[in-house]
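S.K.: Structure incoming, see below.
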Amino acid sequence: MKKIGILGGTFNPPHIGHLWIAEEVRIRKQLDEIWFIPTSTPPHKETEVLDAAHRLEMLRLAIQDNPHFQVNALELEREGKSYTYDTVQELTTNYSEVDFRFIIGGDMVAYLPKWNRINELVQMIHFIGVSRPGYTLETPYAVERLEIHPLDISSTFIRNRLEEGEKVRYLLPDDVMNYIKENRIYGYRESQS
């Protein structure tokens, strides 16, 4: 049976930290693939999210060099608020021959009690909780803990640097940075080149 890890998020923008987590989990948990699933409207985020078409294209650019990484846009196609329960139900129905693993960071492990239908969800899919600085992996739910060397990078940090006119080289894949430049998103200015 094929083993596939799911990494969901806004990917606003996708960065080196996302890729690092995905590859570490894939190798250490012996998964065949990692599917990146960008959310349409995340129920737990209050900030405005960049247009889905931009986020999807940046994600495709970010993973293009890794044959074990794929993008699945099912939440963007569904539109509206993205609940993990609905996504997992759709995936397990459409891909019954796949053993899915849902990858979450330490920040999301702490947030699990607030997830929609969490008690049902933990019965449907195996969770892998990845360590993140400043968060604990302690939870009453069945989450397999995985300690990885931290890369303390966030999309918020990158967006803030771009909006303040600071450089973000080495935090993003080059193709993602070029896309941001070409489309002048996140307040990018020519002086940041």
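The numbers here are math on the coordinates, done by the rules we state, and not lab data. Worth saying up front: this structure is predicted, and the values here are computed from it rather than measured. Please note: Cβ atoms are built from the backbone with ideal geometry, for glycine as well, and neighbour counts cover all protein chains shown.
S.K.: I'm checking my understanding of the structure. Among residues of segment 84-113 that are of a type in the set (Gly, Ala, Ser) and within 15 Å of Gly129 (Cβ to Cβ), which one is nearest to the chain's Cα centre (by Cα)? First the steps, then the outcome.
M.R.: Initial filter on segment 84-113 (of a type in the set (Gly, Ala, Ser)): 96, 105-106, 110.
Within this subset, residues satisfying the condition of being within 15 Å of Gly129 (Cβ to Cβ) are 105-106, 110.
Values: Gly105: 9, Gly106: 13, Ala110: 16 Å.
Only one residue tops the list, namely Gly105.
S.K.: Show the residue pairs meeting these rules: Cβ distance below 9 Å; 6+ apart or different chains; first residue within segment 134-149 and under 20 Å from Trp115 (Cα atoms); second residue hydroxyl-bearing (Ser, Thr, Tyr) and surrounded by 11 or more Cβ atoms within 10 Å (Cβ to Cβ).
M.R.: Hits for this filter: Leu137/Ser131; Arg145/Ser131.
S.K.: Mind telling me which of the residues Arg26, Arg78, Arg101, Arg60 ends up being basic (Lys, Arg) and under 20 Å from Ile158 (Cβ atoms)? Talk me through it step by step, then tell me what you get.
M.R.: Details: Arg26 fails: under 20 Å from Ile158 (Cβ atoms); Arg78 fails: under 20 Å from Ile158 (Cβ atoms); Arg101 fails: under 20 Å from Ile158 (Cβ atoms).
Step by step, each of Arg26, Arg78, Arg101, Arg60 is checked, and only Arg60 is basic (Lys, Arg) and under 20 Å from Ile158 (Cβ atoms).
S.K.: Moving on. Being surrounded by 14 or more Cβ atoms within 10 Å (Cβ to Cβ) and in a helix (DSSP H, G or I) is true for just one of Leu137, Leu151, Leu121. Which residue is that? Break it down into steps so the answer makes sense when it comes.
M.R.: Details: Leu137 fails: in a helix (DSSP H, G or I); Leu151 fails: in a helix (DSSP H, G or I).
It is Leu121.
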